[in-house]
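**Q** Let me begin by handing over the structure; questions about it come next.
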Amino acid sequence: MSFPFLRLPQVILSIIVNLAEPKEIICLTQCSKRAYNLVKTYRKKSENVKIVVNDFENNVKVFFDNKLNCRLSLDSLYGKWKLVEREYSKTTFFGADFRLSLYCEDESEWKLKWDDPTTDGVLTLIDWATDLFRTDVWSLSVSKRTIHRLKWVESCQEHIKEVFLWAGNHTEDEIRCLFHSKANKFYLLSVPPTFDYSGILPSRTSLGLCQGFWFTPNHLMTSDFMELSVNYSILTNSNVNQFLRHWLAGGSPRLKTLSLEIKEFSLNEITRGIEGVIPNGDPRSQKYWTISGRELTFNDRMYLKRSDGVMATCSTIDYRIVRRIFVLAVWPDAKNRMPY
């Protein structure tokens, strides 16, 4: 026996549509054009829905309450390497004309039939998903072949929360230009071995560098980030000592978390000669939440205290045994907790 869902009172329909999870909303839109229009009419802006576009998997993921809820991908005879950059304009290819097929019910994966090898169908999926849930793209992973997606997304929205860039095949000029993207958090996962960036890095919320051999002491001293992470850096204990003196004097006032992989690391050398170092008297480990939602655990540690009363923990994190990361964590943390 069928249930006359579309005949329910408008108030009830509005409540149901706004309580439904993304995978349930997508399923409803595929029932009929009337059902799609109902969702578009009553669905409010989705504050707890995040759209994430993955370069390697070549799909659009929809997160609900920070958990993967469903994904959209292409059903195509053409491999992802066949995709070419082409100007994309918004269409009315929505409603009943936008037909998705349920590919994997357990993982709630929907596929769109796509037989045009000259255009990137993922842009159509992005356009449809962001329009349906009335939200922007939250996170985008791009490489050389998909950089047009970043350009298109930035043309459609004011900011993007996160950008992950594989730039090993980009020219140095292209990478320098991409540093000025609209991303609040910019993660550079790879660069050419000869990459160099002169001058001051653009200010943003977070910067993460997986290959930080080009990151200089001047970059560190002039940085304006809330969160900065640099792996495989050429920085020395002396460079970080200079920065800590700079921070204690009121420099880099927005900084909350600094993570640096340093050659021949020594916490004693880093803090040598610095006034205001407070030794740790608590043998218990200490927890710290970053603005990116990571929980850090500090064991051996000491504290720095500025003249304005702001405190920070200096500690180390061992990563895969062979690597040690220096961390400066400024209190309070993202959960507004103090060290003691």
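The values are calculated or read from the model by the stated rules, or taken from the named source; none is laboratory data. These figures come from a predicted structure and were not determined experimentally. A quick note on method: Cβ atoms are made from the backbone with ideal geometry, for glycine too, and the neighbour counts reach across all protein chains shown.
**Q** Any idea which of Leu201, Leu220, Leu228, Leu207 is surrounded by 15 or more Cβ atoms within 10 Å (Cβ to Cβ), assigned to a loop (DSSP other than H, G, I, E, B) and modelled with pLDDT of 95 or more?
**A** Of the residues listed, the single one that is surrounded by 15 or more Cβ atoms within 10 Å (Cβ to Cβ), assigned to a loop (DSSP other than H, G, I, E, B) and modelled with pLDDT of 95 or more is Leu201.
**Q** While we're looking at this one, here's another question. Could you check how many residues of the range 308-340 are in a loop (DSSP other than H, G, I, E, B), out of contact with any Gly (no Cβ under 8 Å at 6 or more places or on another chain) and at pLDDT 90 or above? If you could, list the steps in order and put the result at the bottom.
**A** Of the range 308-340, the ones in a loop (DSSP other than H, G, I, E, B) are 308-310, 320-322, 331-340.
Going one step further and asking which of them are out of contact with any Gly (no Cβ under 8 Å at 6 or more places or on another chain), we end up with 309-310, 320-322, 331-333, 335-340.
The next check asks that each one be at pLDDT 90 or above; those that pass are 309-310, 331-333, 335-338.
Residues in the range 308-340 being in a loop (DSSP other than H, G, I, E, B), out of contact with any Gly (no Cβ under 8 Å at 6 or more places or on another chain) and at pLDDT 90 or above: 9 in total.
**Q** Hey, another quick one. Just the residues that are hydrophobic (A, V, I, L, M, F, W, C) and at pLDDT 95 or above, please, taken from the range 137-152.
**A** If the condition is that a residue be hydrophobic (A, V, I, L, M, F, W, C) and at pLDDT 95 or above, then Val137, Trp138, Leu140 are the ones that fit.
**Q** State whether the residues of the range 237-260 include one that is touching a Leu at 6+ places or on another chain (Cβ under 8 Å), without any contact (Cβ under 8 Å) to a residue 60 or more places away in the chain and of a type in the set (Lys, Arg).
**A** So far as the range 237-260 goes, no, none of its residues is touching a Leu at 6+ places or on another chain (Cβ under 8 Å), without any contact (Cβ under 8 Å) to a residue 60 or more places away in the chain and of a type in the set (Lys, Arg).
Residue by residue, here is whether (1) at pLDDT 90 or above; (2) of a type in the set (A, V, I, L, M); (3) surrounded by 14 or more Cβ atoms within 10 Å (Cβ to Cβ) holds:
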residue: Lys23; (1), (2), (3): yes, no, yes
residue: Lys45; (1), (2), (3): no, no, no
residue: Phe56; (1), (2), (3): no, no, no
residue: Glu85; (1), (2), (3): no, no, yes
residue: Ser101; (1), (2), (3): no, no, no
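**Q** Checking the conditions here, which among Asp300, Asp282 is farther than 15 Å from Ser229 by Cα, surrounded by fewer than 14 Cβ atoms within 10 Å (Cβ to Cβ), within 30 Å of the chain's Cα centre (by Cα) and in contact (Cβ under 8 Å) with a residue 12 or more places away in the chain?
**A** Asp300
**Q** Okay, next question. Being at pLDDT below 90, charged (D, E, K, R) and under 22 Å from Ser155 (Cβ atoms) is the requirement here; does Asp97 meet it?
**A** Working: at pLDDT below 90: yes; charged (D, E, K, R): yes; under 22 Å from Ser155 (Cβ atoms): no.
No.
**Q** Go through the range 20-66 and count every residue that is under 22 Å from Val163 (Cβ atoms) and basic (Lys, Arg).
**A** So the answer is 2.
**Q** Okay, moving on. From the residues in the range 103-136 that are of a type in the set (Val, Ile, Thr) and at pLDDT 85 or above, which one is surrounded by the fewest Cβ atoms within 10 Å (Cβ to Cβ)? Don't jump to the end; show me each part of the working.
**A** Quick first cut of the range 103-136, residues of a type in the set (Val, Ile, Thr) only: 118-119, 122, 124, 126, 130, 135.
Then drop every residue that is not at pLDDT 85 or above, which leaves 122, 124, 126, 130, 135.
Details: Val122: 23, Thr124: 22, Ile126: 22, Thr130: 20, Thr135: 18.
The residue in question is Thr135.
**Q** Out of the range 264-279, which residues are free of Cβ contacts under 8 Å to residues at least 40 places away in the same chain, surrounded by 12 or more Cβ atoms within 10 Å (Cβ to Cβ) and not in a strand (DSSP E or B)?
**A** The answer is Ser266, Glu269, Arg272, Ile274, Gly276.
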